[in-house]
Amino acid sequence: MEKAMRAARFAGTAGVGERDIDGSALDAYLRHSLDGFGELRGIRQFRGGQSNPTYLLETPDRRYVLRRRPGGVPEHAGHAVDREYRVLSALRGSGVPVPDALHLCTDRAVIGSSFYVMSFVDGRLFWDLSLPGLDPAERAAIYDGLNATLARLHTLDPARLGLADYGRPQGYLARQVARWTRDYRQMASERIPAMETLAAWLPDHLPADQVALIHGDYRLDNIILHPTEPRILAVLDWELSTLGHPIADLAGHCLSWHLRTGTLAGLAGEDLAGLGIPDENAYVRAYLERTGFSVNDLATFLAFAAFRLAAILIGVAKRGEEGTATNDAARDFGRAAREVADLGAHFIRRRS
């Protein structure tokens, strides 16, 4: 029941009012600026996601996807759609499947904020990590594809992609801890003991730098699968991508094995062997074999990943309270943030 409720809240699209996007202005702009764009017949917002609002654009001959900065967010703040557009453009033909980046608009006068348009990728998106309705062999193939795609991303040469300046190559983990500590303390309505524990412990236990192009939010519900085959067609939501530590990116992905499905999706408590889904140890081992990387202290990376995710969730909950969140489930993320923070403190204890 909980899984079904979560899917119902985040899957699909919802209608869009003129106060959100001026369809006439957008239609006129895209007809002039995007080659082959026909008459805009419909705009619907995807329910999923808590970062940059995402919309389905329909014309008589084709569908497109538009990503914009959320309303009420200053242009100098996060949610940099120009960075998303840049990384999508750079990754085309890299072996990491992404939608085609078609047009970037930085003129806020068109719809009130900057945005970009990309191709619509027709396929399956799963909000339930147990992949209901599939057989064990299909699940195994999908998770192997997830693993291979992440490994491919982390072994790309950013400089050859034109992304050598996409982030500062050194000090990623230290900057992240400082950033999310600051954001958590600004956004939280009260101090959270597990977050305070993590904020105090992490700076003195960060692993040495290792640099790769990272996604920053790599999870199954940011993946479009082929309509009938266990094959990845596109990786979505590159808002948090940068140059950073690849094992931190892997650890953020592996949190799914420790979370139970609720507000967040998770695999904890599932019969992984029966489902055909690898356990965390096997999944990490396959990634390390593919990349040639090594990791001696995954628990520290998992603690970092939990701290970061909890801080992000606190920010989402805050936007929900202020009425500026993308999804009306945003307020529920405050409770989820505490659960994730407690999980991070658990990883510290496991390491000791």
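The set of residues in region 176-191 that are among the hydrophobic types (A, V, I, L, M, F, W, C), buried (at least 18 other Cβ atoms within 10 Å of the Cβ) and at pLDDT 95 or above comprises Val177, Trp180.
Is at least one residue of region 205-213 surrounded by 20 or more Cβ atoms within 10 Å (Cβ to Cβ) and closer than 28 Å to Ile348 by Cα? Within region 205-213, one or more residues are surrounded by 20 or more Cβ atoms within 10 Å (Cβ to Cβ) and closer than 28 Å to Ile348 by Cα. One residue stands out among those in region 250-297 that are free of Cβ contacts under 8 Å to residues at least 40 places away in the same chain and of a type in the set (A, V, I, L, M): the one that is farthest from Asp217 (Cα to Cα), which is Ala273. All of (1) surrounded by 19 or more Cβ atoms within 10 Å (Cβ to Cβ); (2) at pLDDT 80 or above hold for Ala80 with one exception: (1). What do you reckon, is Tyr116 touching a Lys or Arg at 6+ places or on another chain (Cβ under 9 Å), in a strand (DSSP E or B), among the hydroxyl-bearing types (Ser, Thr, Tyr) and under 24 Å from Thr54 (Cα atoms)? Spelling it out, Tyr116 is indeed touching a Lys or Arg at 6+ places or on another chain (Cβ under 9 Å), in a strand (DSSP E or B), among the hydroxyl-bearing types (Ser, Thr, Tyr) and under 24 Å from Thr54 (Cα atoms).
In region 314-352, of all residues being at pLDDT 70 or above and more than 20 Å from Ser189 (Cβ to Cβ), the one that is nearest to the chain's Cα centre (by Cα) corresponds to Leu343.
The values are calculated or read from the model by the stated rules, or taken from the named source; none is laboratory data. It should be emphasised that the depicted structure is a prediction, and the values quoted were computed from it without experimental measurement. A quick note on method: Cβ atoms are made from the backbone with ideal geometry, for glycine too, and the neighbour counts reach across all protein chains shown.
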